[in-house]
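To keep things clear, I will list the structure first and then write my remarks on it.
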Amino acid sequence: MEDIKNLPIDIQTSKLLDWLLDRRHCNLKWQTTVKAVREKINAAIQDMPENEEIKQLLSGSYIHYFHCLRIVEILKGTEASSKNIFGRYSSQRMKDWQEIVSLYEADNIYLAEVASLLIRNVSYEGPALRKQLAKAQQMQQELSRRETECQSSAADLRERYYAACKQYGIRGENVARELQALVKDLPAVLDEVGKDAAKLEEQIQLYSAFTNFVCDWSEPVLPMLTFAQKRGNATFYEWRTGKIPTVVERPVVEEAPPDAVTDDTIDWGDFDKGADDVGVSSGITVEGGIDWGISLEPNSEDTDAGAIDWGDSEAAPVVIEVVDAGTDCPEGVAKGEDALSILENSQSRSQFIDELMEMEVFLTQRISEMGEEGDVVAMSQFQLAPSVIQNQTRKHVQEMLSQVQDLVGRLTSLRMQHLFMIQASPRYVERVSEVLRQKLKQADILVLKGATMAEKRQEALEEQSRLEPRVDLLAGRTRELQKLIEADISKRYHNRPVNLMGVII
């Protein structure tokens, strides 16, 4: 018998109400009676004495049977003056609350109600609050991550902006004006290249002698390099006619205004729609060079048409006249493309670069062959070769190759390509300015977006701060209900220990 008294009663909280109904502790129609009790409670709380503990009981909590018991105990003190000689209270407050307690105790309605309240806290209220709290915490982490991404992407865009400006050789304070200023130095740079071409006499002689010896080639080789070696960066007119012009009328190319492109003319898209993306990419690459879709070589179809269309149909087209040889041009007068130097004219410049690369390939191959000429057969092949070929050493040929490669690098560098495009079309300046400005614009938008993420993260933090006390309060009230129900059921089974399982908030 003693063992049975100490044997605990374990009840799953989610099944508590069913357990009470199955064992006839409560009535199946308890909910109907509870409605009448709740109406009386709502009426009774309208007239309550000034008491701090009663205020706490009635503030923001569901009034149940155990609260009513405590209110009656408090009223015994506040309403003591209304007690008659028979031990009864004449106070209407006391009568109302005593009636409420009596209705609760009929058929153990109170036990069914607090069991239902406990189940609701454990199965619904608690999980809902935990879900909201977890969502607020997850939101903070996500917003913090996105804020960091925005800051990182903005810094990356600015870094790429200045990297692109460095490629152009500008500071980036006023892109259009700085790009146009670069072109002013282009003639001097090309003249230096023309002067250095005069040092290629030995390379040209070696290539010409080798070609004539191996192929019995009668045509002149490297005509453009030969001309530049003798005449430097002369005019295209002199190269074409062989005569020095008496008058040079260089073409006037209209400069694009520095502020021709404003922020209002650029469609930045709807940046907010991409706010949930993991990363923001500008879609602009500078590491491998910028391809604007513009060829450095002239299109034969365009030149035949007499004008160059740069693909901007909205703005006024820039037309560069191409004056054919002998067309309305007096003898000795260089106009249009004839007035440009051979390194400024795209046609002759391309031929100059092609011949330089041809020379580079020849010297590279010759160095490779000279490393293998140790055998008798190879030596016998060049016994009849001119002295300019036989007297060369591998080291000296390497030095000649370095000179050629230096000129090739100076003319084909990314910066020089940009300068040639700027010189050819002011609209190229507009396009470059627009793309570079877009990087800064997107960086500014990302900074603002990061600030918005920070504000939302702060709101989520405030929501967490608001939910945590509610979770703690619900947990405290649920544990209190658990103890009261366990104690009440324990009394019904000779004080056997009762454990309500699964009470987690």
- Message: Could you tell me how many of the residues in segment 215-250 are of a type in the set (S, T, N, Q) and in a helix (DSSP H, G or I)?
- Response: 3
- Message: Can you report the number of residues in segment 419-434 which are open to solvent by 30 Å² or more (accessible area, probe 1.4 Å) and within 22 Å of the chain's Cα centre (by Cα)?
- Response: 1
- By residue number, the members of segment 6-31 that are within 17 Å of V101 (Cα to Cα) and open to solvent by 100 Å² or more (accessible area, probe 1.4 Å) are Q31
- Before we move on, is I45 open to solvent by less than 30 Å² (accessible area, probe 1.4 Å) and aliphatic (A, V, I, L, M)? no
- Message: Can you confirm whether R177 is over 30 Å from L419 (Cα atoms), among the basic types (K, R) and open to solvent by 40 Å² or more (accessible area, probe 1.4 Å)?
- Response: no
- Query: With D276, D272 as the choices, which residue is assigned to a helix (DSSP H, G or I), over 30 Å from R427 (Cα atoms) and at pLDDT below 80?
  - Reply: D272
- Counting only helices (runs of 4 or more DSSP H) entirely within segment 384-476, those with at least 2 residues that are touching a Lys or Arg at 6+ places or on another chain (Cβ under 9 Å) are 394-412, 414-424
- Query: In segment 488-505, which residue that is part of a helix (DSSP H, G or I) and out of contact with any strand residue (DSSP E or B) (no Cβ under 8 Å at 6 or more places or on another chain) is most open to solvent (accessible area, probe 1.4 Å)?
  - Reply: K491
- Message: Need the failing condition index for S208 against (1) open to solvent by less than 20 Å² (accessible area, probe 1.4 Å); (2) farther than 22 Å from V248 by Cβ, just the number.
- Response: (1)
- Query: Hey, among the residues in segment 1-37 that are in a helix (DSSP H, G or I) and among the basic types (K, R), which one's nearest to the chain's Cα centre (by Cα)?
  - Reply: K15
- Message: If I go through segment 222-258 residue by residue, how many of them are open to solvent by less than 30 Å² (accessible area, probe 1.4 Å), modelled with pLDDT under 85 and within 27 Å of K199 (Cβ to Cβ)?
- Response: 1
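This table checks each residue for (1) within 30 Å of A454 (Cα to Cα); (2) part of a helix (DSSP H, G or I); (3) of a type in the set (D, E); (4) out of contact with any helix residue (DSSP H, G or I) (no Cβ under 9 Å at 6 or more places or on another chain).
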| site | (1), (2), (3), (4) |
| --- | --- |
| I100 | no, yes, no, no |
| L117 | no, yes, no, no |
| L129 | yes, yes, no, no |
| I170 | no, no, no, no |
| L179 | no, yes, no, no |
| A188 | no, yes, no, yes |
| A198 | no, yes, no, no |
| Y207 | no, yes, no, no |
| F213 | no, yes, no, no |
- Sort out which residues of segment 61-92 are closer than 20 Å to N42 by Cβ and either of a type in the set (K, R) or at pLDDT below 65 (or both), and write them in order of number. R70
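The values are calculated or read from the model by the stated rules, or taken from the named source; none is laboratory data. The structure presented is a predicted model; accordingly, all values stated were derived computationally and were not measured. Note that we place each Cβ from the backbone using ideal geometry, even for glycine, and neighbour counts take in every protein chain shown. With ligands, DNA and RNA removed, areas are computed over all heavy atoms of the protein, side chains included. Shrake-Rupley method; radii C 1.70, N 1.55, O 1.52, S 1.80 Å.
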